[in-house]
Amino acid sequence: MTQKDIIVNKIKNGLILENISDFNAKHIFECGQCFRWIKEDDDSYTGVAYNRVINVRSDYENKKVIISNTDIEDFNNIWFDYFDLDRDYGSIKKKLSLDPTLKKAIKYGEGIRILKQQPWEILISFIISANNRIPMISKSVNLLSELYGQAIFYNGKKYYSFPTAKQLCKAELKDIERCRAGFRCKYINKAVNMLNDGEINLKDIRNMEIDEARAELMKIPGVGIKVADCILLFSMQKYDAYPVDVWVKRVTEYFYLECDTKLSDIHDFAQKRFGNLAGFAQEYLFYYARELKIGKS
Ligand code: 8HG
């Protein structure tokens, strides 16, 4: 699917997208890559990204998506890229489905797209994610936004943008601790300072090839290999990254390798088996394993 194929029409306070393939809002927002999307009673999702609040509803069968609280300009400048609409997920799925396990995982998570999220937000969110559970990660990211971000009103409700490094630099460690991220707060504080001092530059890192980019990210305290790989995949378009958390370790061992395989062997396996589609494979597998509790003894 490319921009040419999608039909975009204005509706009241939003847009309707037609002829849109591989877009399932539930699978996109619940697969684990993002923390700021809330499911509404009507099965649509409301979220904050790029300092905006939008509501997204998808009709997978009929290839339709409704985005509320937006306009054509923002669609062209932000949401088209954010939802990775220029990518042909059909061909990715076809290639990965040659593998019987992935065929099942893809069927389960059909319509997942890897969002192009903002590196700064993803850096801090995944620092918070270390040894943490997704509901707690969301809570801390939301609290941090409430404390230091900007209020945005939508549908009679108050939402908050994710704070910039400048906004966060006013906060001392004891203030950041109010976001209830525990021991990770000192890492957030350090990352804020490193960014503001120019010690790290996320734009430069994004332009590096993957190994160098990963090594740079891992200079930030609180960023180990898994957190770095999540940042690379979810915000820097490094699609050969294969973040190995507990679930991906379990599911990869369960279907392909032996119990207690070394991390470096899991990475080598993923590289050989999935190549530059490893990141996509990883997300289908993460969602599949986590939802179905695969490999959990
Ligand atoms: O999408 C994700 N992929 C992987 N591999 N790991 C993730 C994703 N999302 C996410 O939160 N994690 C990690 O899994 C962070 C945290 O350690 C744990 C939460 O289940």
*Within segment 252-297, which residues are open to solvent by less than 40 Å² (accessible area, probe 1.4 Å), part of a loop (DSSP other than H, G, I, E, B) and not aliphatic (A, V, I, L, M)?*
THR261, GLY295
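Identify all residues within segment 172-214 that are of a type in the set (Gly, Ala, Ser) and either closer than 19 Å to PHE126 by Cβ or in contact with a Ser or Thr (Cβ under 6 Å, 6 or more places away or on another chain) (or both); write none if there are none.
ALA181, GLY182, ALA191, ALA213 - these are the residues of segment 172-214 that are of a type in the set (Gly, Ala, Ser) and either closer than 19 Å to PHE126 by Cβ or in contact with a Ser or Thr (Cβ under 6 Å, 6 or more places away or on another chain) (or both).
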*Please specify each residue of segment 129-170 satisfying the condition of being among the β-branched types (Val, Ile, Thr) and within 16 Å of the ligand (Cβ to nearest atom).*
ILE134, ILE137, VAL141
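Can you find, within segment 135-172, the residue that is surrounded by the most Cβ atoms within 10 Å (Cβ to Cβ) among those that are in a helix (DSSP H, G or I) and modelled with pLDDT under 95?
If we take residues in segment 135-172 being in a helix (DSSP H, G or I) and modelled with pLDDT under 95, then LEU168 is surrounded by the most Cβ atoms within 10 Å (Cβ to Cβ).
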_segment 240-251, subset open to solvent by 60 Å² or more (accessible area, probe 1.4 Å) and charged (D, E, K, R), residue nearest to the ligand (Cβ to nearest atom)_ = LYS249
*With (1) within 16 Å of the ligand (Cβ to nearest atom); (2) closer than 25 Å to ALA270 by Cα as the list, and SER97 as the residue in question, which single condition is left unmet?*
(1)
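Can you go through ASP22, ASP43 and tell me which one is among the acidic types (Asp, Glu), touching a helix residue (DSSP H, G or I) at 6+ places or on another chain (Cβ under 8 Å), open to solvent by less than 60 Å² (accessible area, probe 1.4 Å) and not in a strand (DSSP E or B)? Write out each step before concluding.
Details: ASP43 fails: open to solvent by less than 60 Å² (accessible area, probe 1.4 Å).
Answer to the selection: ASP22.
Does segment 213-239 hold any residues that are open to solvent by 50 Å² or more (accessible area, probe 1.4 Å) and either aliphatic (A, V, I, L, M) or away from the ligand (no atom under 12 Å from the Cβ) (or both), and which are they? Let's see the steps before the verdict.
Within segment 213-239, the subset open to solvent by 50 Å² or more (accessible area, probe 1.4 Å) is 215, 218-219, 225-226, 237.
Within segment 213-239, ALA215, MET218, LYS219, ILE225, GLN237 meet the criteria.
Would you confirm, using the coordinates I've provided, whether ASN77 is part of a helix (DSSP H, G or I) and either free of Cβ contacts under 8 Å to residues at least 24 places away in the same chain or within 16 Å of the ligand (Cβ to nearest atom) (or both)?
Values: part of a helix (DSSP H, G or I): yes; either free of Cβ contacts under 8 Å to residues at least 24 places away in the same chain or within 16 Å of the ligand (Cβ to nearest atom) (or both): yes.
Here the answer is yes, as ASN77 does meet what is asked.
Taking ASN77, is it open to solvent by 70 Å² or more (accessible area, probe 1.4 Å) and under 23 Å from GLU121 (Cβ atoms)?
Yes.
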*asked:* What are the pairs with Cβ atoms under 8 angstrom where one residue, in segment 253-282, is under 25 Å from LYS116 (Cα atoms) and the other, located anywhere, is basic (Lys, Arg) and away from the ligand (no atom under 15 Å from the Cβ)? Sequence gap at least six, or different chains.
replied: LEU277/LYS95; ALA281/ARG273
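The values are calculated or read from the model by the stated rules, or taken from the named source; none is laboratory data. Predicted, not measured: the structure shown is a model, and the values here were computed from it. Backbone-built Cβ (ideal geometry, glycine too); neighbour counts: all protein chains shown. Side chains included, ligands, DNA and RNA excluded: accessible areas come from the protein's heavy atoms. Shrake-Rupley method; radii C 1.70, N 1.55, O 1.52, S 1.80 Å.
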